[in-house]
Amino acid sequence: MKNYSKNGFIQIPILIAIIIGVVAIGGGGYLGYNGYKNYQTQQAEKERIAQEAEGLRQEEEKLEMERLKKEVEYLKNQPPKIIKETQSQNPESQEILTAELNLYATGVVLIICKDVQGSGSLWNLGNSYVVLTNEHVVAPYEDGKCVIHVPKIGETTIEPYSLNATNRRSWNKYTDVATLEIDTEKNDTFLIAEKSAVEIKSLNYKISSLLLCSTKMSLGSPVYVMGYPAFSSQEVNLRGLVFEKSFFTITNGIISSHDTSIMQPFGNLLYPNYFVSAKIDSGNSGGIAFSRDKNALCVLGIPTWISLGNYETQGIIQNIHNIFYSK
């Protein structure tokens with residue numbers, strides 16, 4: 001038998017082994033190439049996503065910068081007062097100063113009608129000098145005159161004047177309100193200190209020219225109540241004459257809630273009254289309550305009732321717009 005390997009031919013088993021090796025190497029190379037190609041594709045996708053995210057971020061920053069520039073330009077073009085209101089959105093901007101309140105303190109009076117006592121405020125309405133108070137303060141004394149004491153803050157002197165309780169008016173029948181004209185002659189019945197000759201037209205009617213608060217003040221708005229509450233009354237003895245003396249008092253708090261029970265369709269008024277945390281007692285009825293609106297002191301309304309809870313009480317202020325509601 002001839003040996004073909006000697007003539008340059010490869011034996012069949014060796015050829016098969018070579019073919020298998022080539023196929024294996026070729027397949028492994030193919031798989032490696034595909035894996036590398038997939039890796040490159042994934043990396044390219046990640047880079048594309050990152051570039052898109054960076055582009056969006058840069059676009060957002062650009063829009064924010066443009067918005068801020070426009071806001072700065074807007075503020076620059078506004079009057080100083082508006083800039084101050086825009087920039088001062090903090091509780092200090094709602095602060096009511098003592099000096100502001102003192103301008104109106106002598107416009108709040110003590111009302112005594114026989115055995116009923118309350119508070120009131122002085123108003124000049126169409127050149128008519130009146131006291132604004134609650135109906136329930138003056139109504140029990142229809143058969144005679146009430147007396148008001150006009151205070152002089154920081155002094156013991158008081159000014160007593162008469163009110164004719166039979167001639168009282170209001171703007172509507174849905175509020176507990178009454179206005180009474182001040183008599184031209186002063187009343188000496190309750191005069192317990194030296195009297196000065198202050199004419200009616202010279203009394204403090206500044207409350208009537210004060211800004212009225214918005215029809216619905218926000219919860220948390222500051223409230224200051226002026227009047228003659230029972231908790232600040234004391235028994236005094238003057239030359240053997242014992243009587244109770246009420247002292248002008250200011251209390252403060254916030255608007256706690258809106259009383260909408262008096263509004264349509266439940267009631268007949270258009271605006272809410274206010275629950276307030278400022279201390280209110282009997283004797284405060286008919287006084288005056290202030291708040292701060294549009295960066296200025298304003299008239300909120302008249303303290304009228306106390307709402308009793310299980311453990312807490314809240315004063316109720318009649319909205320000044322309900323008081324002046326004419327129907």
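The values are calculated or read from the model by the stated rules, or taken from the named source; none is laboratory data. The structure displayed is predicted, hence computed values, not measured ones. All Cβ positions, even for glycine, are placed from backbone atoms using ideal geometry, and neighbour counts span all protein chains on display.
For the range 257-293, residues that are buried (at least 18 other Cβ atoms within 10 Å of the Cβ), of a type in the set (S, T, N, Q) and under 12 Å from the mean Cα position of the chain (by Cα) total 1. For the range 84-91, the count of residues that are at pLDDT 65 or above and part of a helix (DSSP H, G or I) is zero. Of all the listed residues (Gly301, Gly267), the sole one being assigned by TED's automatic domain parsing to the domain that holds Tyr174 and out of contact with any helix residue (DSSP H, G or I) (no Cβ under 7 Å at 6 or more places or on another chain) is Gly267. Limited to the range 118-177, what total is found for residues that are part of a loop (DSSP other than H, G, I, E, B), modelled with pLDDT under 85 and among the hydroxyl-bearing types (Ser, Thr, Tyr)? Looking only at that region, the number is 2. Among Val236, Val225, which is the only one that is assigned by TED's automatic domain parsing to the domain that holds Leu210 and touching a Ser or Thr at 6+ places or on another chain (Cβ under 8 Å)? It is Val225.
Would you pick out the residues in the range 306-327 that are assigned to a loop (DSSP other than H, G, I, E, B) and either surrounded by 20 or more Cβ atoms within 10 Å (Cβ to Cβ) or at pLDDT 85 or above (or both)? Before the answer, list the steps.
Restricting attention to the range 306-327, the residues satisfying the condition of being assigned to a loop (DSSP other than H, G, I, E, B) are 309-312, 324-327.
Matches in the range 306-327: Phe324, Tyr325, Ser326.
So for the range 50-71 (the condition being within 27 Å of the chain's Cα centre (by Cα) and either at pLDDT below 80 or in the same structural domain as Tyr224 (by TED's automatic domain parsing) (or both)), does at least one residue qualify? Scanning the range 50-71, I find at least one residue that is within 27 Å of the chain's Cα centre (by Cα) and either at pLDDT below 80 or in the same structural domain as Tyr224 (by TED's automatic domain parsing) (or both), so the answer is yes.
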